[in-house]
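Heads up: the structure comes next, in structure tokens.
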Amino acid sequence: MLAKEFNKDMALKLEAERQAQERQEREIPKSVAVDEPKKPEHIPTEVPKPKVVGNIDLDVDKKRKAEEEELIRKRKEEEARVEAERIAKEKALAEQRAKEQEAIDKANQFASLFGQAGTEEGANADNASASNTAGTKGNPGGKGMGVTNGNQWTLYGRDVKRLPKPSSDFAQAGLVVVQIMVDAAGNVTNATVADGTTISDRSTQQLALQAARQAKFTEGDTPQIGKITYTFKLN
């Protein structure tokens with residue numbers, strides 16, 4: 001009997017506690033903690049430019065300008081070299097012409113001082129004095145005139161060593177008188193067609209000039225002016 005009452009009381013007590021707990025739960029609502037959503041990390045939309053060590057663009061520009069300046073410098077040096085060579089050639093040519101003209105002027109000066117060359121009898125003496133202006137001193141032992149290979153020459157105080165004949169390939173007969181300038185060594189340094197020439201054909205005149213330039217005379221003290229008269233005869 002006592003056990004039944006005890007169990008009943010315990011059951012009532014447990015029921016009361018359960019009901020009290022339910023009332024308490026209804027009166028105090030449970031709080032549910034809701035985590036806020038995490039914000040997405042920032043993703044850059046532009047690709048960052050790589051860092052440049054030093055100013056590469058500036059260095060490239062400086063290098064290009066330096067190369068251009070070097071090319072300009074070399075071009076100016078080449079132009080200056082070409083111009084210097086041109087001036088040097090012109091100067092050398094002018095000096096050469098001046099020396100030749102000086103020799104001619106000296107010869108003409110001596111010609112005016114000493115008059116015409118020595119004389120011989122007959123036509124040879126007249127030819128010697130007319131054609132051989134004794135511009136400079138020759139060799140006192142030289143004949144000063146003569147006929148070699150059928151061609152007459154005059155050069156005061158000198159003898160002829162070599163007087164080549166012109167080529168026989170000519171088209172006009174007659175005379176070609178060539179005035180020659182002979183240096184102290186006996187070489188013909190200049191030859192021009194002179195008065196007394198009867199052949200107008202230029203090719204025949206050139207044959208005479210070529211032969212005159214190959215002539216060789218004995219040595220003298222200074223340059224001299226003389227003449228060679230070439231006779232062209234048609235067969």
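Since every read-out is calculated from the coordinates, none of them should be taken as a lab result. Values in this document were obtained by computation on a predicted structure and should not be read as measured data. Every residue, glycine among them, receives a Cβ derived from its backbone with ideal geometry; neighbour counts consider all protein chains shown.
Listing for the model above:
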| read-out | value |
| --- | --- |
| Derived scalar couplings ³J(HN,Hα) [region 146-161; Karplus, 6.51 cos²θ - 1.76 cosθ + 1.60; whole Hz; x for Gly, Pro] | x, 10, 10, 6, x, 10, 8, 9, 9, 7, 3, x, 10, 10, 8, 9 |
| Amide N of region 143-158 lying under 20 Å from the label point, which is placed 7 angstrom from the Cα of ALA185 along Cα→Cβ | 158 |
| Rounded to whole Hz, the Karplus (6.51, -1.76, 1.60) HN-Hα couplings of region 226-234, x for glycine and proline | x, 9, 10, 10, 9, 9, 10, 10, 7 |
| Other-chain or far-sequence residues with amide H under 5 Å of ALA194's (modelled H) | VAL177, VAL178, GLN179 |
| Between region 75-89 and region 169-193, the alpha-carbon center distance in angstrom | 39 |
| Stretchable slack from ALA11 to GLN214, in nm (0.36 nm times residue separation minus alpha-carbon distance) | 56.7 nm |
| Pairwise label distance in nanometres, ALA194 with ARG81, each label 7 Å out on the Cα-Cβ vector | 4.8 |
| Extension reserve of the SER168-ASN235 stretch, reckoned as 0.36 nm per residue once the Cα distance is removed | 23.1 nm |
| Region 78-89 - phi-based ³J(HN,Hα) in whole Hz, Karplus 6.51/-1.76/1.60, Gly and Pro as x | 5, 4, 5, 5, 4, 5, 5, 5, 4, 5, 5, 5 |
| Nonlocal amide H pairs with THR222, under 5 Å, H built at 1.01 Å | LYS137 |
| Two-site label geometry, LYS91 and GLN206: point separation in nm, points 7 Å out along Cα→Cβ | 3.6 |
